[in-house]
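The values are calculated or read from the model by the stated rules, or taken from the named source; none is laboratory data. Bear in mind that the values here come from a model prediction, so they are computed numbers and not experimental data. FYI the Cβ positions are ideal-geometry reconstructions off the backbone, even for glycines, and counts take in every protein chain you see. Accessible surface is based on the protein model in full, side chains and every heavy atom, while ligands, DNA and RNA are left aside. Shrake-Rupley method; radii C 1.70, N 1.55, O 1.52, S 1.80 Å.
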Amino acid sequence: MSKTETEGALETRGIEQVPDQERTARTRELFPTWVGANISVLLLTMGASLVVAYHLNLWQALVVAVAAPIVSYGLVGLIGIAGKRGGAPGMALSRAVFGQRGNLLPGSLIWVARWGWETINAVTGAYAMLSVLDILFGIRANSVLDMVMLLAFVVATFAISGLGINAVQKCNKYATYLFGVFSVLVLVYLVVDTDWARVFDRPAGSVAAVITGVGLIAAGGVSWIPSAPDFTRYLPRTASAKGIVGVTVGGAGIVVLPMVLMGVVMAVSTPDLASAADPVSFLGEILPTWIAVPYLLIALIGMLLINSMSMYSAGFTAQTLGIKVPRHWAVSVNAVISLVFGGVLMLVATSFMGSFIAFLSLLAVAFSAWVGVFGADMLRRKEYDGQAMADTGRTSAYWYRGGFSPAAVAAWAVGLVAGLMFSTSDWFTGPLAANNVIGEYGLGWVATIVISGLLYLALPKPAVVVPAQPAEPAGEPGQAGHTAPQESVTV
């Protein structure tokens, strides 16, 4: 059955390889996917931080807002190419690189990191609902209402992500239209209400601050890199690699650029936006009602879609870790975790934005160690063996040495440790983070990708497994015969 024929139905396919006859998606469908992945109020607060914390002017913030999505979502698009090559989710393809057991190491860390990302999004969505209730009906937030709104948000997220890829993509498509309308409303308000002389008169910040700003904004996109194949696995093998990268960068950039710049402009008159404990309700207070309500509703929809995409991918990651339940039930594990952690954050945390940025910086390093190794492996591997990925026992062609690929696991571990040593945040400061360019610019995640990737390329690696092809019986060209044995090609 083709993807078109199952439109709107529950997606039952899990981490197994998608057959070629079902891979009927089109590259342009990725555009609303990556628009929806970035409709976040946190981009406004991060844009405000460029002014308040890094002291950038409008033109420097423009450079940051253009460069960050090109860097981060360029990597998302490049890793997404593996999805159309292998027809499987990212963490399933990762078995070919790390080995059946070795893949459990980065898989576990990425899965745990997703808990934090989904918790942040769930809390932001709950704050958006609370703010709308306050503005429209005068209902003030309290602990009980906080938990009710959080529960409602998580349940809605589970419903969309549980249905599968068709539901996620359809919701993202409509959210793209809503975001366009919202952007026009906000731009009209800003053009009329902003003191532009104050905006343009701000002095320029340092070059170091610009680089740090790019690293800060780009770190959010880095978190999507391991999930990229999850959204390209239904593309045919003939899909354009350049098209995948271009559409991915374009979809993200069309949101990141205006959202960051709007945050910069807002921060000139309301610098508290950059450090608000609850950035969503804070924005509801400083904007007029006619723009605050649509804005908060869009923020709510955006957070809902971002979390749905994250939980959709997390379900695959859970399956690769050995949780033997259908994909839609695997999603429920992350839903429960984000509900518990979200409740703790809403009731206990005193600085939402500080917690978010600290988490984001460490999260980027956790993902980047995998990115370096997996991306380097893509330079030599053009195909993935679906049978070998599905076989988690010793008979798998991806078993390697005791279930591990020594080169991949070693490069991943060294890159992860090195990246953390160069990283700094409110929660953690590595011993090498001070007095060097990488630590000063907050580029620990960049160092992680480079170190793990180069080390993997330098180490001796297992042979590349070429998927078995049907053999043709002699004298009967064009007819399928017996399956040829698997081939190993040393690269």
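At a glance:
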item: Nitroxide proxy distance, nm - points 7 Å out along Cα→Cβ at LEU133 and MET378; result: 4.3 nm
item: Inter-probe distance in nm under a simple model that places probes 7 Å from Cα toward Cβ, at VAL417 and VAL181; result: 5.5 nm
item: FRET E, pair ARG28, LEU321, Förster distance 30 Å, beta-carbon r, rounded to 0.05; result: 0.35
item: Rg/Rh (Cα only; Kirkwood hydrodynamic radius) as it applies to segment 58-215; result: 1.04
item: Test item: Cα-centred dipole of segment 76-168, Lys/Arg +1 and Asp/Glu -1 on Cβ, debye; result: 520 debye
item: Gain on full stretching of the segment that runs from GLU16 to LEU62 - 0.36 nm per residue minus C-alpha separation; result: 12.3 nm
item: Å² of accessible area per residue within segment 119-206, as computed with a 1.4 Å probe and no ligands counted; result: 49 Å²
item: Residue-span extension gain [TYR174 to VAL188] - 0.36 nm each, minus C-alpha spacing; result: 2.8 nm
item: Interatomic Cα distance distribution for segment 1-114, bins of 10 angstrom, percent; result: 10, 29, 31, 21, 9, 1
item: Candidate lysines for bridging to LYS170, where Cα separation is under 27 Å - those fewer than 8 sequence places away on the same chain excluded; result: LYS3, LYS84, LYS242
item: Magnitude of the charge dipole, segment 137-270, Cβ model with Lys/Arg +1 and Asp/Glu -1, debye to 20; result: 460 debye
item: Tensor-based shape of segment 55-146 (alpha-carbon gyration tensor, a/c under 1.5 rounded, otherwise prolate or oblate); result: oblate
item: Candidate residues THR429, THR27: accessible-area rank, largest first, probe 1.4 Å; result: THR429, THR27
item: Percent carbon-and-sulfur accessible area, segment 97-183, ignoring ligands, DNA and RNA, probe 1.4 Å; result: 74 percent
item: Approximate shape of segment 52-108 as ellipsoid semi-axes (Cα gyration tensor, √5λ), whole Å, largest first; result: 36, 15, 6
